[in-house]
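Working notes for the structure below.
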Amino acid sequence: MEIIIQPDSQQASQVAARIIARLVREKPHAVLGLATGNTPLQLYRNLVDLHRDSGLDFGGVTSFNLDEYIGVPPAHPSSFHSYMWAHLFSQLNMPKERINIPDGTAPDIPAACRKYEQAIRTAGGIDVQVLGLGMNGHIGFNEPSSSLSSRTRIKTLTDETRRGASAAFGGLENVPTHVITLGLGTIMDAKMCLLLAFGKKKAGAVAKMVEGPVMSMVPGSVLQMHPRAVVILDEDAASELKMAAYYNWVLEHKPAWQQY
Ligand code: GLP
């Protein structure tokens with residue numbers, strides 16, 4: 001794992017945007033894995049700015065989102081579909097047919113999950129998978145106890161995760177209990193994983209994910225096994241890391257050709 005600690009989430013998001021922008025410039029038909037939540041919002045604003053102000057071209061890019069709530073129609077204001085269109089897709093030049101988000105209203109969800117996996121393979125696999133981190137260590141909606149080799153499937157949300165989403169759904173009783181999520185094995189197939197985590201409330205989960213054992217109780221810890229996982233943090237999210245001084249030293253002494 002490469003740990004990049006930045007003074008704040010703005011600068012951390014800039015590093016992430018630079019990584020994605022470089023990929024898109026070098027590989028116009030890049031395949032992006034995208035996440036929702038508060039964490040990637042600044043990254044998406046940066047990508048929109050790069051598209052608008054520097055002509056970063058998303059015309060050949062394909063995307064696959066990580067997850068979606070089951071039973072929530074795409075047009076619902078709290079669906080991840082709505083989130084993605086509001087914060088990113090409406091402001092980029094990605095053709096609609098290259099945008100993939102799991103359909104939580106599909107009549108046959110297991111078949112839809114298999115089709116989603118197949119579509120990722122047909123697209124040539126995910127080049128960069130953007131990830132946030134749940135307070136309980138989840139990535140995507142792979143809650144603790146998820147198989148480390150799981151594929152895209154139905155998951156049941158924990159109470160903690162549902163409580164976290166209750167404001168968006170106007171009360172806990174309205175939060176779906178089930179979701180579709182890319183599996184941990186699917187995420188691990190991405191050529192590069194880019195996990196972002198910001199704020200003190202993520203510090204415990206970050207420390208477990210980066211410096212704790214690899215285990216299904218901390219699903220994000222599987223990234224320790226990924227050949228190219230980059231974890232971009234602000235100082236608050238990094239505050240419980242024992243080896244922060246080492247990670248900073250590594251970053252400061254990176255040769256120019258390795259810098260983002
Ligand atoms: C949800 C999403 C995750 C996201 C996590 C963290 O559970 N399924 O993909 O990483 O929330 O959300 P936030 O970025 O708002 O802290």
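The values are calculated or read from the model by the stated rules, or taken from the named source; none is laboratory data. Predicted model only: the values in this text are computed from it and were never measured. Heads up, the Cβs are rebuilt from the backbone with ideal geometry, glycines too, and the neighbour counts pull from every protein chain shown. Accessible surface is based on the protein model in full, side chains and every heavy atom, while ligands, DNA and RNA are left aside. Shrake-Rupley method; radii C 1.70, N 1.55, O 1.52, S 1.80 Å.
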Looking only at region 151-177, and only at residues there that are farther than 20 Å from Ile187 by Cβ, in a loop (DSSP other than H, G, I, E, B) and open to solvent by less than 60 Å² (accessible area, probe 1.4 Å), the one that is nearest to the ligand (Cβ to nearest atom): Ala165
Flag if Ser78 is outside any helix (DSSP H, G or I) and in contact (Cβ under 8 Å) with a residue 40 or more places away in the chain: yes
Hits in region 218-258 - residues which are assigned to a helix (DSSP H, G or I), open to solvent by 50 Å² or more (accessible area, probe 1.4 Å) and within 24 Å of Leu148 (Cβ to Cβ): Gln224, Met225
Every pair of residues 6+ apart whose Cβ atoms lie under 7 Å, when the first sits in region 195-218 and is in contact (Cβ under 8 Å) with a residue 12 or more places away in the chain while the second is of a type in the set (Lys, Arg): Glu211/Lys242; Val218/Lys208
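Can you tell me which of Ala16, Ala21 is within 16 Å of the ligand (Cβ to nearest atom) and of a type in the set (A, V, I, L, M)?
Ala16
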Residue, farthest from Asn136 (Cα to Cα), within region 201-236, restricted to residues that are among the basic types (Lys, Arg) and either touching a strand residue (DSSP E or B) at 6+ places or on another chain (Cβ under 9 Å) or away from the ligand (no atom under 12 Å from the Cβ) (or both): Arg228
Test result for Ile139, buried (at least 22 other Cβ atoms within 10 Å of the Cβ) and among the β-branched types (Val, Ile, Thr): yes
Residue match in region 130-146 (condition: aliphatic (A, V, I, L, M), more than 12 Å from the ligand (Cβ to nearest atom) and assigned to a strand (DSSP E or B)): no
Answer from Ile180, Ile187 - the residue that is assigned to a helix (DSSP H, G or I), open to solvent by less than 20 Å² (accessible area, probe 1.4 Å) and within 14 Å of the ligand (Cβ to nearest atom): Ile187
